[in-house]
């Protein structure tokens, strides 16, 4: 095992805290994907996140905290609906965008907002509590590439990361849902692990964002760029794999589909995921990693259903294919 990948026991957490307090970064598991964490109050540490990931400066970070009071300290205003959502879904895969406290220069988006969540993973919670720091933490991978759901994925994408706490595979396997509470009606900025149906039980109406954020422009949340979550291989979404035109596509070809779909005639690597959208999402990034590792030059992907339950998966696949 890579010596920088360590168990999240007391010794491992202690080493991670030392690195974070020294102004560097640590990769750690959450229930969604592995995050690359740094002290949210340290401009130098935040800069290290952007350097290691080769992340554009205009793409903001989500700040992870240990408690609702810690979240409120980062906000200029904390609407009542934030308390209702926090009571129902935190800790968990929901990120809330609120107005940023005035004293927090350099953290959050350029438009005076900040994205906050409390992760549900035990290792993430222990790290937050032991460090006493709010941790800015995007996914622990090179910008635009497949998000990591295992410690091995992190090391392969970010070989220079100082330390990775190995908490095993992430249970949700897809990023948090991001909800903007600074708008008159809460606005979905990024579909994710938490469903819109569950959110509407608390908020009532939810507005959907009309357009993508153009590269180079400010945005209140990560995950809004046209291209993101992409493997090395070219991704092609296909309505019906049986009728796919494979001519002109870089070889070798691989296929990603889900249970219940007709078998394909592909001679390359094939990944068949669950027909349940949550289970599919949980294995999506790992499957894309496996197909990349198999040497695929093109990945043909069976389009999932056009239903709300599949919204987050369709979002990831569309951006991967952009």
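Considering 66, 70, 16, 87, the condition of being in a helix (DSSP H, G or I), closer than 24 Å to residue 190 by Cβ and touching a residue at least 60 places away in the same chain (Cβ under 8 Å) is satisfied by 70 alone.
The combined condition, being crowded, with 23+ Cβ neighbours inside 10 Å, in contact (Cβ under 8 Å) with a residue 24 or more places away in the chain, under 13 Å from residue 285 (Cα atoms) and in the same structural domain as residue 28 (by TED's automatic domain parsing), is not fulfilled by residue 176. With respect to being over 19 Å from the mean Cα position of the chain (by Cα) and on the phi < 0 side of the Ramachandran plot, residue 102 fits the description.
Set side by side, the residues 176, 131 differ, and just one is modelled with pLDDT of 95 or more and under 13 Å from the mean Cα position of the chain (by Cα), which is 176. Condition check for residue 170 on (1) under 18 Å from the mean Cα position of the chain (by Cα); (2) closer than 27 Å to residue 14 by Cβ; (3) free of Cβ contacts under 8 Å to residues at least 60 places away in the same chain: one failure, at (3).
Checked against (1) within 23 Å of the chain's Cα centre (by Cα); (2) outside any helix (DSSP H, G or I), residue 3 meets all criteria but (1). The single residue among 27, 82 that is touching a helix residue (DSSP H, G or I) at 6+ places or on another chain (Cβ under 7 Å) and touching a residue at least 24 places away in the same chain (Cβ under 8 Å) turns out to be 27. Filtering the stretch 25-54 to residues that are surrounded by fewer than 19 Cβ atoms within 10 Å (Cβ to Cβ) and not in a helix (DSSP H, G or I) leaves 41, 54. Are any residues in the stretch 56-69 at pLDDT below 95 and either more than 22 Å from residue 180 (Cβ to Cβ) or surrounded by fewer than 19 Cβ atoms within 10 Å (Cβ to Cβ) (or both), and if so, which ones? Answer for the stretch 56-69, where residues must be at pLDDT below 95 and either more than 22 Å from residue 180 (Cβ to Cβ) or surrounded by fewer than 19 Cβ atoms within 10 Å (Cβ to Cβ) (or both): 56, 57, 58. A count restricted to the stretch 288-305 and to residues that are closer than 16 Å to residue 230 by Cβ, in contact with a strand residue (DSSP E or B) (Cβ under 9 Å, 6 or more places away or on another chain) and surrounded by fewer than 22 Cβ atoms within 10 Å (Cβ to Cβ) stands at 4.
The values are calculated or read from the model by the stated rules, or taken from the named source; none is laboratory data. This one's a predicted model, so the numbers in the text were calculated from it and none came from an experiment. With ideal geometry, Cβ positions are generated from the backbone for all residues, glycine too; neighbour counts draw on all protein chains shown.
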